[in-house]
Amino acid sequence: MAKLPRKTIITCAVTGAIHTPSMSPHLPVSASEIAEAAIGAAEAGAAIVHLHARNPEDGSPDQSPEAFLPFLQIIKQRSEVVVNLTTGGAPTMTIEQRMRPAATFRPEVASMNMGTMNFGLFPMLDRFEGQLKHQWERDYLGNRDIVFRNTFGDLERVMTDLGANGTRFEFECYDTSHLYNLKHFFDRGIVTGPLFIQTVFGLMGGIGAHPEDVMHMKRTADRLFGDQYRWSVLGAGRNQLPIAAMAAAMGGNVRVGLEDSLWAGPGKLAETNAQQVRMVRQIIEGLGMEVASPEEAREILALKG
Ligand code: KMH
Ligand code: ZN
């Protein structure tokens with residue numbers, strides 16, 4: 001059996017843009033809630049925090065740098081955690097809006113969504129209809145025709161503009177075609193190894209969350225990138241922990257957080273992001289492995305520090 005890597009990187013995605021505040025009272029919305037959630041996740045064992053901002057009035061996604069600044073200042077003062085800023089924003093935003101926070105703050109890591117896809121928010125409307133307080137939530141989740149646009153031109157622009165600042169990427173791959181898209185840019189030398197590949201499972205419009213899907217993504221990434229990549233997984237909703245457990249057992253890194261799942265068990269809302277970090281940490285340590293510190297994650301992923 002292949003030797004497993006020594007340390008497992010936990011990323012925590014603390015709020016995102018997909019879940020809405022009416023779905024859970026625990027979803028961080030204000031700058032201080034986002035900062036506390038990120039710091040709590042780091043204290044629980046996350047080496048990286050993936051961050052979005054929200055309008056504190058109604059919780060809607062907000063990509064203005066002014067919305068990010070207050071929580072970034074607090075996190076930097078109080079934690080060594082690696083900051084990863086979204087360039088996904090919300091799937092309804094333009095690429096210009098989406099890039100602004102990472103272009104402004106030049107983080108160590110930015111997310112990079114590796115292809116255009118259908119984005120299935122609407123199953124969530126069916127589930128939560130009746131409990132949504134804000135009109136924007138109903139409009140947003142009820143939109144049955146969202147295309148999450150990430151053309152080759154968009155990808156090259158984000159990679160070159162943000163890459164010039166020394167920002168490296170969490171390459172979010174929602175299907176095998178996204179791995180091939182990444183291979184194209186890797187072969188052209190536009191991005192370099194070690195690539196941090198976040199394979200995403202169970203999101204409508206992307207690959208499913210069956211163990212065969214996990215194996216297929218891993219095998220494809222192994223074949224395309226060999227030792228030039230570090231593998232991580234993200235399972236949406238109820239798939240979060242099963243997918244993390246599967247990948248951790250195979251030496252993969254994991255992402256948890258309320259962006260990806262509101263849950264801490266069947267029918268049980270997660271009360272904090274740190275709770276999900278502790279749950280996945282227990283699995284990792286139960287497998288005889290250790291979680292990476294932020295400093296170790298910087299070394300593993302060749303970040304600028
Ligand atoms: N919501 C995740 C499935 C981004 O911020 O770039 C993907 C995500 C997108 O994290
Ligand atoms: Zn995100």
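Might you report the magnitude of the Cβ-based charge dipole of the range 192-245 about its Cα centre, with Lys and Arg at +1 and Asp and Glu at -1, to the nearest 20 debye?
I would put it at about 60 debye.
Quick check: the distance between the Cα centres of the range 90-163 and the range 230-261, to the nearest angstrom?
Going from one Cα centre to the other spans 20 Å.
Antiparallel DSSP bridges in the range 162-305: what percent, to the nearest 5?
Taking every DSSP beta bridge within the range 162-305, about 5 percent pair in antiparallel fashion.
Please identify, among I48, I283, I34, the residue showing maximal mean-square fluctuation in a Gaussian network model of the chain using a 10 angstrom Cα cutoff.
In this elastic network of the chain, the residue with the biggest mean-square fluctuation among I48, I283, I34 is I283.
Among DSSP beta bridges lying fully in the chain, give the percent that are antiparallel, nearest 5.
10 percent
Find, to one decimal place in angstroms, the Kirkwood hydrodynamic radius of the range 18-83, where the mean of 1/r is taken over every pair of different Cα atoms and then inverted.
12.1 Å
Go ahead and set up a Gaussian network model of the chain, Cα springs under 10 Å, then flag whichever of W231, W263, W136 fluctuates most.
In this elastic network of the chain, the residue with the biggest mean-square fluctuation among W231, W263, W136 is W136.
Treating only the Cβ atoms of Lys and Arg (+1) and Asp and Glu (-1) as charged, compute the dipole magnitude of the chain about its Cα centre; round to the nearest 20 debye.
Dipole magnitude for the chain comes out near 540 debye.
Length gain on complete extension for the stretch T160 to S30, per 0.36 nm per residue less the alpha carbon to alpha carbon distance?
43.7 nm
Given the options F148, G252, Q282, identify the residue whose Cα lies farthest towards the positive end of the charge dipole of the chain (+1 on Cβ of Lys, Arg; -1 on Cβ of Asp, Glu).
It is G252, whose Cα lies furthest towards the positive end.
Which translational diffusion coefficient, to the nearest whole µm²/s, is obtained for the chain from the Stokes-Einstein equation, given a Kirkwood hydrodynamic radius over C-alpha pairs, 25 °C and 0.890 mPa s?
Rounded to a whole number, D works out at 129 µm²/s.
Using a 10 Å cut-off around each Cβ, can you sort Y174, Y229, Y180, Y140 from fewest to most neighbouring Cβ atoms?
Going from sparsest to densest Cβ surroundings: Y180, Y229, Y140, Y174.
At 7 Å along the Cα-to-beta-carbon direction for both N55 and K304, put a label point, then send me their distance in nm to one decimal.
Here the answer is 3.2 nm between the modelled labels.
So which GluC sites (Glu not before Pro) in the range 81-144 pass both tests, a DSSP loop state and at most 12 other Cβ atoms within 10 Å of the Cβ?
Passing both the DSSP loop test and the Cβ count: E129.
Per-residue ellipticity at 222 nm for the chain, helices alone: DSSP H runs ≥ 4 residues times -39500 (n - 2.57), over residue total, nearest 500 deg cm²/dmol?
Calculated at 222 nm, the ellipticity per residue is -12500 deg cm²/dmol.
Quick one: of the DSSP bridges fully inside the range 61-174, what percent are antiparallel, nearest 5?
Counting DSSP beta bridges with both partners in the range 61-174, the antiparallel share is about 20 percent.
What FRET efficiency comes out for E43 versus F152 if R0 is 45 angstrom and r is the Cβ-Cβ distance? Round to the nearest 0.05.
0.65
Extension gain T94-S64, at 0.36 nm per residue separation less the Cα-Cα distance, in nm?
Working it through step by step, the gained length comes to 9.6 nm.
Quick note: the coordinates plus some simple rules give every number you see, no bench work behind them. Here the structure is a predicted model, which means the values were calculated and not measured. Methodologically, a virtual Cβ is constructed for each residue, glycine included, from the backbone with ideal geometry; neighbour enumeration extends over all protein chains shown.
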